[in-house]
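Engineer: Have a look at this one before I ask anything.
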Amino acid sequence: MENVCKYPVILVHGMFGWGDDEGINERLPYWGANTCNIEEHYREQGFDIYAASVGPASSAWDRACELYARLVGGPVDYGKAHSEKCNHKRYGRFYPEPLLEKWDSEHKIHLVGHSFGGNTIRLLCHLLTYGDEDERAVTDEDELSELFRGGHEDLIASIVTICAPHNGTTTFLAAKKFGLLPAVKFIVYNYMGIMGRSPAEGTVFDFHLEQYGLSDTPGQKDAYPIRRAKKKFKENKDNVEYDLTPEGARDLNNYIEISPNTYYFSYSYNSVTCNFTGQVHIPWYIDFPFLGFTSELILLYNRYFRPGKNYPFADYCNDGLVDLTSAMHPKDEPHVSYSPENFEKGIWNVMRTRNGDHGTPIGLLSPVEDTFALYDEIFSIMYEVEKKIN
């Protein structure tokens, strides 16, 4: 690839994903899945690229705090106000070495978030730009994390979201309506609680849930009794489940403001088409078979249980987990269709929708050449962003 980015590129995984810090990434990279290794491919071409690790089931807030600590080093600080409100520990694990050697207005970064990773990087950018008033109000000056001070609007060159549930996802509503949610939650919470205490925690995978005592802080044995930890986590809105609901996404969108000095780009995928009558919507562009099932769940909910009727085709479209309209841009933020000749900062540049499912853009059972074509495009746009900045 000719146009290599000058700034580091940080990849941020989605719900139940992983990054470089987890052992599973060596065998099955999140970014590339079973077909390739996106990170290695572009590193060999000269990119400074890293797949960050954050809590796979944590809230956007907790994930943003973890990502910040990973980039700059030091302890994860979830904030005094936030931790007291959510009844969990204020501090998480400690990173002895920063991921970034330099991070200032002359040494910016690019952020790429797949799925819930998109919500995570949006919130990180907001906090760097505006800080948090509640945290500043209750925290002593010498204890306040730099993340909550604000005034760092020149640190992120671009944000790219891929299949991000900016406005929540109908998957949650469909699972709840069809009675699947209790069983899924029972399995997931018990799995995290049991495996978070196993030897594999922190080596093969990592739930990053030491703030709730659901897993041990690395290097310590400080997890709470499993029933107590599960209760604290389940009964709190400070988790990915709530952030993916329409209400949770609305709360997040009401809080997040777009940063005026950052370039925003969004990619969406669609797995749905019409049958030969042109009236019935069906999952069709599916690489990972399970996402055909979840796509149909979303379609069934929209056909029979969604309030109102006569929705346009785009409102039925989804990638198997995230609604097309949700992936395109947050409802309350400015947006335009992407133009390679004239894209601006401080506004969402919405890319054309591609055919495929939620796993297609990370290489899950999808053609390798299509996967690399997507990231060639993304990194070429980042190169153009750097030309605008410099």
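The values are calculated or read from the model by the stated rules, or taken from the named source; none is laboratory data. The model shown is predicted, which means the values in this text are computed figures rather than measured ones. We place every Cβ from the backbone using ideal geometry, glycine too, and count neighbours over all the protein chains shown. Quick note on the areas: whole protein, heavy atoms, side chains included, nothing else; ligands and nucleic acids left out. Shrake-Rupley method; radii C 1.70, N 1.55, O 1.52, S 1.80 Å.
Engineer: Please label the shape of the range 31-174 as rounded, prolate or oblate, based on the square roots a ≥ b ≥ c of the eigenvalues of the alpha-carbon gyration tensor (a/c under 1.5 means rounded; beyond that, a/b larger than b/c means prolate, else oblate).
Structural biologist: Working: a/c = 1.79, a/b = 1.27, b/c = 1.41.
It is oblate, given that a/c is not under 1.5 and a/b is not larger than b/c.
Engineer: Below 8 Å, C-alpha to C-alpha, sequence gap of six or more: please give me the relative contact order for the range 1-102 in percent.
Structural biologist: Numbers: 148 pairs, mean separation 23.4, N = 102.
Taking the mean separation of contacting Cα pairs over the length of the range 1-102, I get 23 percent.
Engineer: Continuing with the same structure: Of the listed values (i) 1.09; (ii) 1.14; (iii) 0.95, identify the label whose number matches Rg/Rh (Cα atoms, Kirkwood Rh) calculated from this model.
Structural biologist: Step by step, Rg/Rh (Cα atoms, Kirkwood Rh) for this structure corresponds to label (iii).
Engineer: Run lengths n ≥ 4 of DSSP H only: what is the helix-derived mean residue ellipticity at 222 nm for the chain, with -39500 (n - 2.57) per run over all residues, to the nearest 500?
Structural biologist: My calculation for the chain gives -11000 deg cm²/dmol from helical runs alone.
Engineer: Just to confirm the filter: which chymotrypsin sites (Phe, Trp or Tyr not before Pro) across the range 140-229 are DSSP coil and have at most 16 other Cβ within 10 angstrom of their Cβ?
Structural biologist: Working: sites: 148, 172, 178, 186, 189, 191, 205, 207, 212; in loops: 178, 207.
Here the chymotrypsin sites (Phe, Trp or Tyr not before Pro) that fit, given the DSSP loop and packing criteria, are 178.
Engineer: With an 8 Å Cα cut-off and a minimum separation of 6 or more residues, compute the relative contact order for the range 68-118 in percent.
Structural biologist: Relative CO of the range 68-118 lands at 35 percent.
Engineer: Which of 177/237; 176/237; 89/237; 102/388; 177/231 have a Cα-Cα distance over 18 Å?
Structural biologist: With Cα atoms farther than 18 Å apart: 177/237; 102/388; 177/231.
Engineer: Lys and Arg at +1, Asp and Glu at -1: add these up for the other residues within a Cβ distance under 14 Å of residue 137 and post the number.
Structural biologist: Net local charge, residue 137 excluded: -4.
Engineer: Another one. Where nothing but the Cβ of Lys and Arg (+1) and of Asp and Glu (-1) is charged, how large is the charge dipole of the range 263-347 around its Cα centre, in debye to the nearest 20?
Structural biologist: 320
Engineer: Here's a follow-up. Return the loop-located trypsin sites (Lys or Arg not before Pro) in the range 351-390 (DSSP other than H, G, I, E, B) with at most 13 other Cβ atoms within 10 Å of their own Cβ; answer none if there are none.
Structural biologist: Working: sites: 352, 354, 387, 388; in loops: 352.
Taking the range 351-390 and a limit of 13 other Cβ atoms within 10 Å, the loop trypsin sites (Lys or Arg not before Pro) found are 352.
Engineer: Could you state the accessible area per residue of the chain in Å², with a 1.4 Å probe and every protein chain left in place?
Structural biologist: Averaged over the residues of the chain, the accessible area is 43 Å².
Engineer: Using the Kyte-Doolittle scale, which helices in the chain average at least 0.0 and also have C-alpha atoms spread 15 Å or more along the helix axis, with helices defined as whole DSSP H runs?
Structural biologist: 60-72, 116-130, 181-195, 289-304, 368-389
Engineer: What shape does the range 243-383 take by its C-alpha gyration tensor, where a ≥ b ≥ c are the square roots of the eigenvalues and a/c under 1.5 counts as rounded, a/b above b/c as prolate, and the rest as oblate?
Structural biologist: Oblate shape, in that a/c is at least 1.5 and b/c is the bigger or equal ratio.
Engineer: Can you give me the long-range amide H partners of residue 263? Hydrogens built in the peptide plane at 1.01 Å from N, cutoff under 5 Å, separation of 5 or more residues or another chain.
Structural biologist: 158, 159, 346
Engineer: Picking from 385, 355, 335, whose Cα lies most toward the positive end of the charge dipole for the range 335-390 (charges on Cβ: Lys, Arg +1; Asp, Glu -1)?
Structural biologist: Toward the positive end, the furthest listed residue is 335.
Engineer: Moving on. Relative contact order of the chain, please, whole-number percent, based on alpha carbon pairs below 8 angstrom and at least 6 residues apart.
Structural biologist: Relative CO of the chain lands at 19 percent.
Engineer: DSSP loop (so not H, G, I, E, B), at most 11 other Cβ within 10 Å: list which GluC sites (Glu not before Pro) in the range 281-390 pass both filters.
Structural biologist: Working: sites: 296, 341, 344, 369, 377, 384, 386; in loops: 341, 344.
Those that pass, being in a loop and sparsely packed, are 341.
Engineer: While we're looking at this one, here's another question. Suppose every K and R has +1 on its Cβ and every D and E has -1 on its Cβ; what is the size of the dipole of the chain about the Cα centre, in Debye to the nearest 20?
Structural biologist: Working: 37 positive and 56 negative charges, 358 e Å.
Result for the chain is approximately 1720 debye, rounded to the nearest 20.
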